[in-house]
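S.K.: Following this message is one structure expressed as structure tokens.
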Amino acid sequence: MRGALMGYYLKILLAICAVHELAGGVIRSTTDAAYKKYLSIKSLPFEDCGSLYQVSYLEIESCTTVPCSMARNAIIKVTVRFDDNGNGVSFLKHEVRWVFNYIKTQAAISPDPCDGDHGCIESASDGKAYWANIFVNETLPVMRGSMLWESKDANNQNLICFQVPVVITV
Ligand SMILES: *[C@@H]1O[C@H](CO)[C@@H](O)[C@H](O)[C@H]1NC(C)=O
């Protein structure tokens, strides 16, 4: 009898725990979704060109709307957050190009590659974040175009690809 009663209480206790767990999970995923939404609102708009790891946030120094105005000879910091699906990404080889009238030219990026040595990649609550500086070459044409940013892993696999409209200014 006592054993049965004990079992009964135990079952109730387990049921309470299960409900708790469930509520916790729901709250956690709601918070996650809310945070992602918050990031996407704060992010500059960009076009994803086939990222393996979803880009959740893009920030370009002193740019609040697209096309991003970029002065020749400037060095501009770019910050990106992405979800590495828990894979612990710690190396990124950047390949960034300017695109004007379908003509692509290589952009100078630093640090590149981004590895553990420069503090350019770090964990964020929703995955990883990296930053890099892009140099706006004085030879770029003063016109509208876009910046095409690809980041690859050590095996040259494309992890991130996004494109953002820019306008080069003098
Ligand atoms: C700027 O562009 C010129 C001409 O395309 C090139 O020779 C030079 O290496 C570029 N500078 C940098 C820092 O990429």
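S.K.: Express in nm, to one decimal, how much length is gained between Asp83 and Glu61 on full extension, taking 0.36 nm for each residue of separation and deducting their alpha carbon distance.
M.R.: Going from the current span to full extension adds 5.8 nm.
S.K.: The range 44-92 to the range 139-160: how many Å between their Cα centroids?
M.R.: Taking the Cα centre of the range 139-160 as reference, the centre of the range 44-92 is 10 Å away.
S.K.: Please report, to two decimal places, log10 I(q)/I(0) for the range 29-93 at q = 0.13, 0.21 Å⁻¹ as given by the Debye formula with identical point scatterers on the Cα atoms and no solvent.
M.R.: Those come out to -0.45, -1.02, one per q.
S.K.: I've got another one for you. Over all directions, average the projected area of the Cα convex hull of the range 78-140 and note it in nm².
M.R.: That works out to 4.9 nm², a quarter of the Cα hull's surface.
S.K.: Could you give the length gained on full extension between Glu122 and Ser69, defined as 0.36 nm per residue of separation minus the Cα-Cα distance, in nm?
M.R.: 16.4 nm
S.K.: Give the peptides 158-170, 96-108 in descending order of average Cβ contacts within 10 Å, highest first. Kindly include the intermediate steps, with their values, before the conclusion.
M.R.: Working: 158-170: 18.0, 96-108: 13.5.
My ranking of the peptides, most packed first, is 158-170, 96-108.
S.K.: Among rounded, prolate and oblate, which fits the range 32-170 when a ≥ b ≥ c are the square roots of the eigenvalues of its C-alpha gyration tensor, a/c under 1.5 means rounded, and a/b larger than b/c means prolate? Kindly include the intermediate steps, with their values, before the conclusion.
M.R.: Values: a/c = 1.83, a/b = 1.41, b/c = 1.30.
Because a/c hits 1.5 or more and a/b exceeds b/c, the range 32-170 counts as prolate.
A short reminder: the numbers here are calculations on the coordinates, not readings from a lab. Computed from a predicted model, the values in this text were never measured in an experiment. Positions of Cβ are backbone-derived with ideal geometry, glycine not excepted, and every protein chain shown enters the neighbour counts.
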